[in-house]
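Remarks on the structure that follows.
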Amino acid sequence: MAYIVQKKFPLDIPNSPQQKNARGIGISFPFNGDAVFNSTFQTSDQIKANLINYLLTNQGERVFNPNFGANLRKSLFEVEDNTIDIVLEQIQDRVRELFPLVRISSINIEKLQDNHTLKFSIIYSISSYGITDQININLQ
């Protein structure tokens, strides 16, 4: 008899205080844990942390990987009208390239010229694993 095997990340473990020796998958943002870093125990949390890390990193900041990063801070002070369109295209192309499982459903970007602030929210999903989440960032 055949049955459907559920797709599941093998490292996902419940995050509970009773599991003191549990190993985390990665680190989460922001860095404000007891020992500076908070561990992530779910793949969905780590994917979100990886995306936030990518979006907040400028190219050239990552050692031995100078092309990593969305390079969004440079667009804060640009005054061209098509800046938002360029940023949208860059994010979609690079996320598709670097995170092949992630599908971006929508990106909303608002640029506040007076404050030199870029507000954006990204809704993404990983359909093969049933993960849907949203990232909201105010970049100043």
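Summary table below
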read-out	value
Of all residues in the stretch 62-103 being among the charged types (D, E, K, R) and within 17 Å of the chain's Cα centre (by Cα), the one that is nearest to Leu118 (Cα to Cα)	Arg73
Residue count, the stretch 37-55 (criterion: within 8 Å of the chain's Cα centre (by Cα) and among the acidic types (Asp, Glu))	0
Flag if Leu55 is at pLDDT 85 or above and more than 24 Å from Asn115 (Cα to Cα)	no
Selection status of Gly60, touching a helix residue (DSSP H, G or I) at 6+ places or on another chain (Cβ under 7 Å), free of Cβ contacts under 8 Å to residues at least 40 places away in the same chain, of a type outside the set (A, V, I, L, M, F, W, C) and under 22 Å from Pro30 (Cα atoms)	no
Test for Phe120: is it out of contact with any Asp or Glu (no Cβ under 9 Å at 6 or more places or on another chain), aromatic (Phe, Trp, Tyr) and closer than 23 Å to Ser28 by Cα	no
Number of positions in the stretch 94-129 that are in a helix (DSSP H, G or I) and either touching a Lys or Arg at 6+ places or on another chain (Cβ under 7 Å) or surrounded by 14 or more Cβ atoms within 10 Å (Cβ to Cβ) (or both)	6
Test: residue in the stretch 115-135 that is more than 13 Å from the chain's Cα centre (by Cα), more than 19 Å from Ala49 (Cα to Cα) and among the aromatic types (Phe, Trp, Tyr)	no
Lone unmet requirement of (1) at pLDDT 90 or above; (2) over 20 Å from Phe68 (Cβ atoms) for Ile104	(2)
Any pair with Cβ under 6 angstrom, 6 or more apart, that starts in the stretch 87-105 at a residue that is over 12 Å from Leu51 (Cα atoms) and ends at one that is part of a helix (DSSP H, G or I)	Val87/Ser75
Residues (assigned to a loop (DSSP other than H, G, I, E, B) and either surrounded by fewer than 16 Cβ atoms within 10 Å (Cβ to Cβ) or among the basic types (Lys, Arg) (or both)) located in the stretch 67-93	Asn67, Phe77, Glu78, Val79, Glu80, Asp81, Asn82
Test: Glu61 is at pLDDT 85 or above and closer than 16 Å to Ser121 by Cα	no
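The values are calculated or read from the model by the stated rules, or taken from the named source; none is laboratory data. Fair warning: this is a prediction, and the values are worked out from it, not measured in the lab. Heads up, the Cβs are rebuilt from the backbone with ideal geometry, glycines too, and the neighbour counts pull from every protein chain shown.
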